[in-house]
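> Take a look at this one; I'll ask things after.
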Amino acid sequence: MGGRWDATNAADPVLTILTNVEMDHMRYLGETRSAIAREKLCTARTGRPLVLGPGLDPAWVWPLLECRPVLYPAPRLRADRLAWDHSLVQGHRIPLAGQHQLDNLATAWEALRGLDRLGFPITPEAAWAGIEATTWPGRLWAVPGLPGVFMDGAHNPHGARSLAAHARATSVKPHLFFSAMGDKDLTGMKAELSTMEPTSVTLVRGDNPRYATVEVLRALWGPGLEVLDIAAAAQRLREPAAGIRLVCGSLYFIGDLLRALGQGNP
């Protein structure tokens, strides 16, 4: 995790990408956004391109660097159409839904331009073909064989904020199935997810000791809410239902559910 001590930092990259910086893994990376950024920015290299996601201000990033790369901030992309399960950009269907995924796409485009300058040409046609074929299980993902069921691994307030913003932008008020690890910012996640005004909330408790307890989940979301175990939640999702059902709160939770559904890991 992070950057300074991440295994990927053992490589000698020709180009580095930093998509965003948010508050997560603070026990290891630091208690402030700047401290976390310093750790992530250790993957950059002096004199080589550092692509910054649209949400990162180069003036904020520059003083945090321990080396002197060449900064390439990615300009933000706008959608022709933003739907619950996809976006349209320049006439192309983007299967990774949400404005946050358009920011990721903008960052990827800037990286492709950087690679082209370094002698690694990729045609726009090839890039669009790859983008249109992209799938990412566990990221606002339509679960195969379960109509209307979507899974998103949002496991911190930033991820929950992006997910909720997308639900509001597309006027979707889902039936929410929530579970999370007990060491996460559960209060922050709940505050963000509540802004999508879910039609219903079902809580799920996993077997792993890291899962938030039933008592903690009910204290957070409401004492009268139903709490299911993983097997019961999987069975509930198999049953037909009206509206969108959204599973979120943890990639571990999604993995456990998929195993219970006979679909393996995400």
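The values are calculated or read from the model by the stated rules, or taken from the named source; none is laboratory data. Just so it is clear, the structure is predicted and the values come from calculations on it, not from any experiment. Ideal geometry is used to build each Cβ from the backbone, glycine not excepted, and the neighbour counts take in all protein chains shown.
> What do you reckon, is residue 44 farther than 17 Å from residue 3 by Cα and either assigned by TED's automatic domain parsing to the domain that holds residue 163 or surrounded by 14 or more Cβ atoms within 10 Å (Cβ to Cβ) (or both)?
Details: farther than 17 Å from residue 3 by Cα: no; either assigned by TED's automatic domain parsing to the domain that holds residue 163 or surrounded by 14 or more Cβ atoms within 10 Å (Cβ to Cβ) (or both): yes.
No: the conditions fail for residue 44.
> Scanning the stretch 92-103 for residues that are without any contact (Cβ under 8 Å) to a residue 60 or more places away in the chain and under 20 Å from the mean Cα position of the chain (by Cα), which turns out surrounded by the most Cβ atoms within 10 Å (Cβ to Cβ)? Show your work before the answer.
Here is the first cut: in the stretch 92-103, the residues without any contact (Cβ under 8 Å) to a residue 60 or more places away in the chain are 92-96, 101-102.
Going one step further and asking which of them are under 20 Å from the mean Cα position of the chain (by Cα), we end up with 93-96, 101-102.
Numbers: 93: 13, 94: 24, 95: 17, 96: 19, 101: 22, 102: 20.
Among residues in the stretch 92-103 that are without any contact (Cβ under 8 Å) to a residue 60 or more places away in the chain and under 20 Å from the mean Cα position of the chain (by Cα), the one surrounded by the most Cβ atoms within 10 Å (Cβ to Cβ) is 94.
> Can you confirm whether residue 160 is touching a helix residue (DSSP H, G or I) at 6+ places or on another chain (Cβ under 9 Å), at pLDDT 95 or above, closer than 22 Å to residue 251 by Cβ and hydrophobic (A, V, I, L, M, F, W, C)? If you could, list the steps in order and put the result at the bottom.
Working: touching a helix residue (DSSP H, G or I) at 6+ places or on another chain (Cβ under 9 Å): yes; at pLDDT 95 or above: yes; closer than 22 Å to residue 251 by Cβ: yes; hydrophobic (A, V, I, L, M, F, W, C): yes.
Against the criterion (touching a helix residue (DSSP H, G or I) at 6+ places or on another chain (Cβ under 9 Å), at pLDDT 95 or above, closer than 22 Å to residue 251 by Cβ and hydrophobic (A, V, I, L, M, F, W, C)), residue 160 qualifies.
> Name the pairs whose Cβ atoms lie under 6 Å apart, with the first residue in the stretch 227-246 and in contact (Cβ under 8 Å) with a residue 24 or more places away in the chain, the second assigned to a helix (DSSP H, G or I), and 6 or more positions between them or separate chains?
227/214; 230/256; 230/260; 231/260; 234/257; 234/260
> Name every residue in the stretch 256-266 that is modelled with pLDDT of 95 or more and under 22 Å from residue 164 (Cα atoms), in order of residue number.
257
> Given the structure, is residue 106 crowded, with 19+ Cβ neighbours inside 10 Å and either under 15 Å from residue 73 (Cβ atoms) or without any contact (Cβ under 8 Å) to a residue 40 or more places away in the chain (or both)? Give the steps one after another, and end with the answer.
Numbers: crowded, with 19+ Cβ neighbours inside 10 Å: yes; either under 15 Å from residue 73 (Cβ atoms) or without any contact (Cβ under 8 Å) to a residue 40 or more places away in the chain (or both): yes.
Spelling it out, residue 106 is indeed crowded, with 19+ Cβ neighbours inside 10 Å and either under 15 Å from residue 73 (Cβ atoms) or without any contact (Cβ under 8 Å) to a residue 40 or more places away in the chain (or both).
> Quick test of your reading of the structure: residue 219 fulfils all but one of (1) surrounded by 15 or more Cβ atoms within 10 Å (Cβ to Cβ); (2) among the hydrophobic types (A, V, I, L, M, F, W, C); (3) without any contact (Cβ under 8 Å) to a residue 12 or more places away in the chain. Name the failing condition by number.
(1)
> Further question on the same structure: Tell me which helices (runs of 4 or more DSSP H) are completely within the stretch 126-242 and hold 2 or more residues being over 20 Å from the mean Cα position of the chain (by Cα), or say none if there are none.
The helices (runs of 4 or more DSSP H) meeting that bar are 214-221, 230-238.
> Of the residues 171, 162, which single one is under 30 Å from residue 238 (Cβ atoms), assigned by TED's automatic domain parsing to the domain that holds residue 251, among the small types (Gly, Ala, Ser) and surrounded by fewer than 16 Cβ atoms within 10 Å (Cβ to Cβ)?
Numbers: 162 fails: surrounded by fewer than 16 Cβ atoms within 10 Å (Cβ to Cβ).
On inspection, the qualifying residue turns out to be 171.
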